[in-house]
Amino acid sequence: MADEILKIKDLVIQYVSDGEVTEAVNGIDLELKEGQTLGLVGETGAGKTTTALSVLNLVPKPQGRVVSGEVFLDGENVLEKSEREMEAIRGNKVSMIFQDPMSSLNPVMTVGEQIAEVVRIHDNVDEKTAMARAREMLETVGIPGERAGEYPHQFSGGMKQRVLIAIALACSPKLLLADEPTTALDVTIQAQVLELMRGLKKKFNMAMVMITHDFGIVAEVCDEVSVMYAGRIVEHGNLQDIFDNKRHPYTEGLFNSLPDINNRKSSLKPIKGLMPDPTNLPSGCPFHPRCDYVCEKCSKEMPPKTWINDTHYVRCWLYENTTESRLTEGE
Ligand code: SF4
């Protein structure tokens, strides 16, 4: 059986600015095994990126603070590590690819130097060996090694994202956090980059957390899906659970707001309203002001985690008494 690479337990993260508290992550649990890919799905502001930053122990300080919870990476709680210890962990055990390749590369260093720098820091090798590895990594992501001496501005957007993938994978991390890695790219380039990531994940037997708002990407690369809303996971399951047997009204709303390519006359059905203000979250179920199925209890009490089957849970009062479900212990 594959080893567990990531386990997040009851994580709560807040940002405090001018005395105002933003509740970014409100008690999430996540588990991921070696080689698995988890899609973290939700609208902007759901807490997806903050969750990923916590795995790197990079929640921006001093505004950001982990109020409670644990984040185990390969069996070690990263939240208890010093900055020096984290420097050794980042890159070697976990790497992150950010959304915007344009602003993530250093414009005055060649791409080869940028990859080699990561290799040198983490593998403690000489410059020549690090540069040889940089060229090798460029080849791995489909860029000729001889382009290592070129600068970021000499590459297209898709190529820059490939360079960032090469940097992230240069030290063979066990876990890759990919934050909307294809959002800034054209659709055709997106498909190429996703295909590349899927291939590399298999080649390196890496686990991956794919942060996205796009269920098309989830269908392409993920094994498991966590749907986030207002800093909570409101539904979790494998691909079949979420695509064929979705339960949460928010998940349903996300799917309904996708264009139907089989029916070009159908209109989009966006979810009514907006994400709640994280400095002033609604009482009870935070989705209740937008939900078509809202009942009295919804605005008063937070729904517990209800299991639909061994792989699938939902947080919604509609499933409180389903005979097929069992409530999570302790909730
Ligand atoms: Fe809608 Fe109530 Fe379920 Fe929340 S708990 S998603 S408001 S039905």
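Looking at the stretch 219-236, can you tell me whether even one residue there is more than 12 Å from the ligand (Cβ to nearest atom), among the charged types (D, E, K, R), surrounded by fewer than 20 Cβ atoms within 10 Å (Cβ to Cβ) and not in a helix (DSSP H, G or I)? Yes: the stretch 219-236 contains one or more residues that are more than 12 Å from the ligand (Cβ to nearest atom), among the charged types (D, E, K, R), surrounded by fewer than 20 Cβ atoms within 10 Å (Cβ to Cβ) and not in a helix (DSSP H, G or I). Just so you know, in the stretch 307-331 the residues that are modelled with pLDDT of 95 or more and hydroxyl-bearing (Ser, Thr, Tyr) include one that is farthest from the ligand (Cβ to nearest atom), and it is THR311. Quick one: is LEU196 modelled with pLDDT under 90 and either surrounded by fewer than 24 Cβ atoms within 10 Å (Cβ to Cβ) or of a type in the set (A, V, I, L, M) (or both)? Yes: the conditions hold for LEU196.
When ARG264 is tested against (1) modelled with pLDDT of 95 or more; (2) in a loop (DSSP other than H, G, I, E, B); (3) farther than 23 Å from ASP10 by Cα, just one condition goes unmet, and that condition is (1).
Looking only at the stretch 272-306, how many residues end up being hydroxyl-bearing (Ser, Thr, Tyr) and within 8 Å of the ligand (Cβ to nearest atom)?
The number of residues fulfilling the criteria is 2.
When the stretch 70-92 is filtered for residues that are loosely packed, with under 14 Cβ neighbours inside 10 Å and among the charged types (D, E, K, R), the ones remaining, listed by number, are GLU76, GLU80, GLU83, ARG84, GLU85, GLU87. Take PHE243 and tell me if it is assigned to a helix (DSSP H, G or I), modelled with pLDDT under 95 and in contact with a helix residue (DSSP H, G or I) (Cβ under 8 Å, 6 or more places away or on another chain). No. Take the stretch 267-281 and flag every residue that is modelled with pLDDT of 75 or more and either over 30 Å from GLN14 (Cα atoms) or in a helix (DSSP H, G or I) (or both). The one that is modelled with pLDDT of 75 or more and either over 30 Å from GLN14 (Cα atoms) or in a helix (DSSP H, G or I) (or both): LYS269. Residue pairs whose Cβ atoms lie under 7 Å apart, sitting 6 or more positions apart in sequence or on different chains, and linking a residue in the stretch 247-258 that is more than 9 Å from the ligand (Cβ to nearest atom) to a partner that is charged (D, E, K, R) and part of a loop (DSSP other than H, G, I, E, B), are GLU252/LYS246; PHE255/LYS246; ASN256/LYS269; SER257/LYS269. Once the stretch 93-117 is narrowed to residues that are of a type in the set (D, E, K, R) and not in a helix (DSSP H, G or I), the residue that is surrounded by the most Cβ atoms within 10 Å (Cβ to Cβ) is LYS93.
The values are calculated or read from the model by the stated rules, or taken from the named source; none is laboratory data. Computed from a predicted model, the values in this text were never measured in an experiment. Note that each Cβ is placed from the backbone with ideal geometry, even for glycine, and that neighbours are counted across all protein chains shown.
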